[in-house]
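Derivation of every value follows stated rules applied to the coordinates shown; laboratory data play no part. These figures come from a predicted structure and were not determined experimentally. Here Cβ is always computed from backbone atoms with ideal geometry, including for glycine, and neighbour counts include all displayed protein chains.
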Amino acid sequence: MNEQELITQGKHYLLDTYSQVPVVFATGKGCYLTDVEGKQYLDFVGGIAVNALGYGDAGLSLALKKVLDSGLLHCSNLYYNEYAIKAAKALTELAGMDRVFFCNSGAEANEAALKLARKFGHRSSPIRTDIVTMVHSFHGRTYGAITATGQDKYHANFDPLPTGFSYALFNDLESVKATVTDATCAILVEPIQGEGGIIPAEKTFLEGLRALCDEKDMLLIFDEVQCGMGRSGKPFAFQTYGVQPDILTLAKALAGGVPAGATVTKGKANNVFTPGDHASTFGGNALAMAGACEMLSRLKDTDLCAHVEEMGIYLRGKLDELVSKYPSLCTVARGKGLMNGLVLTVPPRKVVDACFERGLLVLAAGYDVLRFVPPLTVGKVDIDKAIAIVDSSLATLA
């Protein structure tokens, strides 16, 4: 069956939840994907910041193969499995936190955090149940997560939404203080906003949130589903700011490409849940946890994070050159590590499509940002090639 026939079947059998690009990928190696017709693409999407080690990584493949060969893909969380215990130990030690709940996705990790925050608030007298999040945030597609998401476009046609959520301005501490009430139990924030447009938090903003939560005995929750797992140039983005959360949510690159999520706790968030409060059938399964162990081991090796920081600086320098070259099309480049955005004056989709035709995969963020989240193993040669394609694509729009 050729590519067009596969796409036709896909359009027929798959629900219309994605505006999918007309390509069917068959294999991957490093930073490159090859479609079923044999055309190769340089991938600066990375499965939307999931495939942190690139494609065909030998260490990840070996770790997963060991589990496949053992036959123990799943045994239920009614019992322990060695991989989940090892992953929990490695994750909490690397993050400087205490305990973890494993699930399958970022939305699930955030749902667990929201439930934990609400139960924490129920310990107060009077009970506190409200949660403050940020305008332009993104926290997932489930009901609690889209309500926490501070973007109206994700709320449209899904009302009635859960109550008890308020939205403050990102990087505006006074706005947060004005939004917090005596009923607030937690603040949820991305250290680097992803879907909102690749916007890093200011250090003073996160420090202010930490102080506010300490003052009012609220939980500070950092959503690092996209910006965590080495993406920022540190194992976790909060480590670039020196601000410790009470709850940390992770997913995407946690297991190097196998679905996995985590809600990690510290201090007063550690012992809120008791058996029966929350669960996940597939969370912490052996296959995903073997991937997580490999990913965490690689992040513990400071060479990978140093490489991410170096390549991020190099990539942003190249993006700055595009801003200078095309001032009518690009206004600014921003980001941390290998999570970067180029703010455009034209619809990002036009550039995304032009790059695709030239063999580069990139994607949009927010309403006006071209997003770059390549594998953390990307090198200067691939960055130069990607920038040359973006340059060529912008030239056609100039």
request  = Anything in the chain that counts as a DSSP H helix reaching 27 Å or more along its axis (C-alpha) with Kyte-Doolittle mean of at least -1.0? List them, would you?
outcome  = 302-325
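If we count other beta carbons within 10 Å of each Cβ, what is the order of 311, 289, 218, fewest first?
Details: 311 21, 289 28, 218 25.
With the fewest neighbours first, 311, 289, 218 line up as 311, 218, 289.
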ask   = Which residues make up the longest stretch of the chain that has no chymotrypsin sites (Phe, Trp or Tyr not before Pro) in a DSSP loop with at most 14 other Cβ atoms within 10 Å?
value = 159-366
MRE, 222 nm, helices only [DSSP H, n ≥ 4, -39500 (n - 2.57), over the chain, to nearest 500] = -12500 deg cm²/dmol
key: Between the stretch 50-65 and the stretch 169-216, the Cα center-to-center distance that results, in Å   = 35 Å
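Rounded to the nearest 20 Debye, what is the dipole magnitude of the stretch 59-300 about its Cα centre when Lys and Arg each give +1 and Asp and Glu each give -1 at the C-beta?
My answer is approximately 640 debye.
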query = Can you flag which of 203/300; 66/268; 203/318; 66/203; 65/89; 65/119 are past 30 Å Cα-Cα?
reply = 66/268; 66/203; 65/119
message = Taking loop as defined by DSSP and a crowding limit of 13 other beta carbons within 10 Å, which trypsin sites (Lys or Arg not before Pro) in the stretch 62-168 fit?
response = 123
message = Run the reach check for residue 177 against aspartates and glutamates, Cα to Cα strictly under 19 Å, same-chain hits fewer than 8 apart removed. What comes back?
response = 130, 190, 202, 207, 214, 215, 217, 246
Candidates per trypsin sites (Lys or Arg not before Pro) in the stretch 1-45, loop by DSSP, up to 16 other Cβ within 10 Å = 39
query = Where a Cα-Cα gap under 12 Å defines reach, which aspartates and glutamates qualify for residue 325, not counting those fewer than 8 residues away within the same chain?
reply = 391
task = Please report the base-10 log of the normalised intensity I(q)/I(0) for the stretch 168-287, using a Debye sum with one equal scatterer per alpha carbon and no solvent, at each q in 0.12, 0.17 (1/Å).
result = -0.47, -0.92
query = So which lysines can residue 29 reach, going by Cα to Cα under 16 Å and dropping same-chain residues fewer than 8 places off?
reply = 39
task = Would you please state the base-10 log of I(q)/I(0) at q = 0.09, 0.13 1/Å for the chain, with intensities from the Debye formula using one equal scatterer on every alpha carbon?
result = -0.54, -1.14
task = With no solvent and one equal point scatterer per Cα, compute the Debye intensity ratio I(q)/I(0) for the stretch 1-67 at 0.11, 0.23 Å⁻¹ and report its log10, rounded to two decimals.
result = -0.34, -1.04
task = Please list the non-local residues whose amide H lies under 5 Å from the amide H of residue 184, H modeled 1.01 Å from N, same-chain partners needing a gap of 5 or more.
result = 130
